[in-house]
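First the structure, in the form of structure tokens, and then the observations on it.
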Amino acid sequence: MRVRTVRTREERKRPSVFMRLKADESFRGVALFEPDPEAAEKGENPGYFEYYDHYDKAGNTYVPCSGEDCPFCAANDNPSTRALTAWYFPEAPDAKDQIKLFTMNYSTIEDITDEAEEEDGILGKKIRIKRLDDRGNYKIKVLPDKPLTAKQQKDLLKRLEEEVLKGDGMEGLVVAQLKRQIERLKALDLLEEEEEEDEDGDEDEEEIQTGTRAAAAGGASARERPERLPERPALSASQGGGTGGDWPEPRESSPVEPQQRVGELDIRLRG
């Protein structure tokens, strides 16, 4: 295994085929698609792929919906509509940067569909897209530039398939993204399971330590307790004892003065 290194200054920039706009940013590009999912299903619209995805709050990312096996749908999370679209930028100095991909949300799909209906299609036409805010609102305007010829469109779509999509189509990119996200979610699940096992192990160890301390304390108490005193023999009734082997109640005697005892003795002698 080797660490991937940066070999040139161009590689340091890490150019991406995907475009993202921040608030108040915009681009002008030639559409290599029609916003028509039915044509895409028939293979007649290779620059367009419309699908569903979910927003993963924990990962702060979007995860394509996998249909019946989707964990987000199982959790009653409703998916959103997305569209992956292809664009051509003839003014880009590097040929590698001339074809880019841009993901549209539902409202932008609706807006560009309206523009396509008004303009009798947008394939090969230059369009300006501006992001208005951080809530996902965009402004779309078809520009009056001369559209691409049919041959130019065909050549660019071929470049899109060979240079960008690598023969897997637009769907292949979305499926690859889905696989990466599923692997990430599985790794998070395993990590959570390991943390739960660690917590259970800590609780068990704490219970064992508590039991050991309690046993040690009990042993010490047993050692510190005095041995039981031997029982007294039961006294007979004539000795002031009860009928059983109970301890006799102590008798209370009133104090007698010495002079009183002497007087009582004199009386007995005289009598």
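Of everything listed in (1) part of a strand (DSSP E or B); (2) under 24 Å from residue 176 (Cβ atoms); (3) touching a helix residue (DSSP H, G or I) at 6+ places or on another chain (Cβ under 9 Å), the single unmet condition for residue 87 is (3). Take residue 53 and tell me if it is closer than 18 Å to residue 22 by Cα, in contact (Cβ under 8 Å) with a residue 12 or more places away in the chain, of a type in the set (Asp, Glu) and out of contact with any helix residue (DSSP H, G or I) (no Cβ under 8 Å at 6 or more places or on another chain). Taking the combined requirement at face value, the residue does not satisfy it. Among the residues of segment 97-138, just one is of a type in the set (A, V, I, L, M), under 30 Å from the mean Cα position of the chain (by Cα) and in a helix (DSSP H, G or I), namely 109. Name the pairs whose Cβ atoms lie under 8 Å apart, with the first residue in segment 76-89 and in contact (Cβ under 8 Å) with a residue 12 or more places away in the chain and surrounded by fewer than 18 Cβ atoms within 10 Å (Cβ to Cβ), the second assigned to a strand (DSSP E or B) and of a type in the set (Gly, Ala, Ser), and 6 or more positions between them or separate chains? Correct list of pairs: 89/29. Out of everything in segment 56-75 that is exposed (fewer than 13 other Cβ atoms within 10 Å of the Cβ) and in contact (Cβ under 8 Å) with a residue 12 or more places away in the chain, what residue ends up being farthest from residue 146 (Cα to Cα)? Applying the filter and picking the extreme gives 58. The single condition among (1) modelled with pLDDT of 95 or more; (2) not in a strand (DSSP E or B); (3) not small (Gly, Ala, Ser) that residue 93 does not satisfy is (1).
Pairing each residue of segment 167-182 that is closer than 16 Å to residue 40 by Cα with any residue that is small (Gly, Ala, Ser), provided the two are 6+ apart or on different chains, yields C-beta distances under 8 Å for 168/176; 170/40; 170/47; 170/86.
Residue check: is residue 177 closer than 18 Å to residue 16 by Cα and either aromatic (Phe, Trp, Tyr) or part of a helix (DSSP H, G or I) (or both)? Here the answer is yes, as residue 177 does meet what is asked.
Look at (1) more than 18 Å from residue 163 (Cα to Cα); (2) out of contact with any Cys (no Cβ under 6 Å at 6 or more places or on another chain); (3) hydroxyl-bearing (Ser, Thr, Tyr) and you find that residue 85 fails only one, number (1). Taking segment 75-90 as the region of interest, how many residues are at pLDDT 95 or above and either over 28 Å from the mean Cα position of the chain (by Cα) or among the aliphatic types (A, V, I, L, M) (or both)? The qualifying residues number 8. Only one of the listed residues (57, 42) is under 33 Å from the mean Cα position of the chain (by Cα) and charged (D, E, K, R). That residue is 57.
The values are calculated or read from the model by the stated rules, or taken from the named source; none is laboratory data. Computed from a predicted model, the values in this text were never measured in an experiment. Because the Cβ atoms are built from the backbone with ideal geometry, glycine has one as well, and the counts that use them run over all protein chains shown.
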